[in-house]
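What follows is a short report on a single structure.
Readers should treat all values here as calculations from the given coordinates under stated rules, not as data from a laboratory. The shown structure was predicted, so the numbers you read here are calculated from the model rather than taken from an experiment. Backbone-built Cβ (ideal geometry, glycine too); neighbour counts: all protein chains shown.
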Amino acid sequence: NYSNATSLTVLSGDVIGSMSNDPANGPVYVARGNEVLALDPSSGAVLGSWSLGQPVVKVLVLLNK
């Protein structure tokens, strides 16, 4: 409902099964197949990736404050 609302493709390819925001450090973590990716929330750039060898069901961010 905002006049300046836009959308951004964060990741092309496989379906993102789970997504979690890390407000303490900034990235958005997504589960895609057998890997977890850290994404820059403003540009969609991949900051890091971890292959787990098994399908990732859910991404949970541990916040240590």
## Note on the structure
Exactly one of 30, 61 is surrounded by 11 or more Cβ atoms within 10 Å (Cβ to Cβ), on the phi < 0 side of the Ramachandran plot, part of a loop (DSSP other than H, G, I, E, B) and touching a strand residue (DSSP E or B) at 6+ places or on another chain (Cβ under 9 Å), and that one is 61
### Task
Report, ordered by the first and then the second residue, all pairs with beta carbons closer than 6 Å, sequence separation of six or more or different chains, a first member in segment 38-62 that is acidic (Asp, Glu), and a second member that is part of a strand (DSSP E or B) and surrounded by 11 or more Cβ atoms within 10 Å (Cβ to Cβ).
40/47
